[in-house]
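As structure tokens, the structure follows; a few thoughts come after it.
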Amino acid sequence: MTLPYFLRKDGSFGPLALAHRGFSLDGLENSMAAFHAAVELGTVHVETDVHTTADRLLVVFHDASLDRVTNAAGRIAELTGDEVTQARIGGVEPVPTFDQLVTALPGAKLNLDLKDWNSVGPMAEAIERHGIHSQVLVTSFSDRRRRAVLKRLDKRVASSAGSTLTALFVFLGPILPAALARRLLADVDVFQVPVRYGRFRVVSEGFIRRAHRIDRLVHVWTINERAEMERLLDLGVDGIVSDRLDLLKQVLIERDDWV
């Protein structure tokens, strides 16, 4: 059964265009301006990240500290919500809270990368409070952290494999019996992976075929070049995460696969 999260805007199943931290050519990643721009381009799938402040406010931000992309400094986990939301991304855009994102984009499907253990409780509480189980995908590099969120939810949500399960499938997938692979990946719907981990190639025709054989999808990040988008779509990936949603949209339009 295909979970609602994986359906496109018209309810069809096909390659997804996931806007990596929204869409901004000006470096305003994970800002409300970037999220609105992504939706205005026509996608409903937005990839983003969550951290939690010292006073348990769930905010949408990639790094553990504010230093790289804002006019402020300090670790989010050590700052109050007021201190974090007063920071300006690129000196312009405020750091959004998760509640602001959900409220502003009620129809969006959110690919949520859980960045720290402090966010496990607040993330689960927010999903329950907003009732957006069908609109979210929970992911984390840590399978333990990802599963900690899933255990706190009353309803099923989409989820992608963390680093450990992904590595297991990459290296042992060719010899794992399908039934055993399905059991090991019982709470996994998709592999969200780079083309390569260091010198190891992850995404290949064989990897995609093995994932599909056990009814798991494959999304690839972060792809910003037209030729690579074309190559991966030809291989049969189920989604592409990109900073260049504008370019990915054009590629999909030309393939008659943009909806």
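The values are calculated or read from the model by the stated rules, or taken from the named source; none is laboratory data. Remember, predicted model here, so these are calculated numbers, not experimental data. All Cβ positions, glycine included, derive from the backbone under ideal geometry; neighbour counts span all protein chains shown.
Worth pointing out:
- Residues of the range 124-148 classified as of a type in the set (S, T, N, Q) and buried (at least 19 other Cβ atoms within 10 Å of the Cβ), total: 3
- Selection count where residues are part of a helix (DSSP H, G or I), over 30 Å from G198 (Cβ atoms) and among the basic types (K, R), scope the range 106-155: 2
- Number of positions in the range 18-31 that are touching a Leu at 6+ places or on another chain (Cβ under 7 Å) and outside any strand (DSSP E or B): 1
- The set of residues from the range 188-224 being surrounded by fewer than 16 Cβ atoms within 10 Å (Cβ to Cβ), within 19 Å of L18 (Cβ to Cβ) and more than 19 Å from the chain's Cα centre (by Cα) comprises just one member, H212.
- Checked against the criterion of being within 24 Å of V237 (Cα to Cα) and touching a Gly at 6+ places or on another chain (Cβ under 9 Å), the range 153-173 has at least one qualifying residue.
- Any hit, the range 172-187, residues being surrounded by 20 or more Cβ atoms within 10 Å (Cβ to Cβ) and without any contact (Cβ under 8 Å) to a residue 24 or more places away in the chain: no
- Qualifying positions in the range 64-102 - touching a residue at least 24 places away in the same chain (Cβ under 8 Å), among the hydrophobic types (A, V, I, L, M, F, W, C) and not in a strand (DSSP E or B): A64, L66, V69, I76, A77, L79, V84, V92, V95, F98, L101, V102
- Cβ-Cβ contacts under 7 Å between residues 6 or more apart (or on different chains), taken from a first residue in the range 41-53 that is in a helix (DSSP H, G or I) to a second residue that is not basic (K, R), are listed as L41/F23; L41/L245; L41/D246.
- Cβ-Cβ contacts under 9 Å between residues 6 or more apart (or on different chains), taken from a first residue in the range 1-15 that is closer than 16 Å to G236 by Cβ to a second residue that is assigned to a loop (DSSP other than H, G, I, E, B) and of a type in the set (S, T, N, Q), are listed as F13/T2.
- Test: residue in the range 107-122 that is at pLDDT below 95 and either within 15 Å of A34 (Cβ to Cβ) or not acidic (D, E) (or both): yes
- Scanning the range 10-35 for residues being under 14 Å from L110 (Cβ atoms) and either in contact with an Asp or Glu (Cβ under 7 Å, 6 or more places away or on another chain) or surrounded by fewer than 22 Cβ atoms within 10 Å (Cβ to Cβ) (or both) gives a total of 8.
- Residue match in the range 82-97 (condition: surrounded by 23 or more Cβ atoms within 10 Å (Cβ to Cβ), hydrophobic (A, V, I, L, M, F, W, C) and either modelled with pLDDT under 95 or under 16 Å from the mean Cα position of the chain (by Cα) (or both)): no
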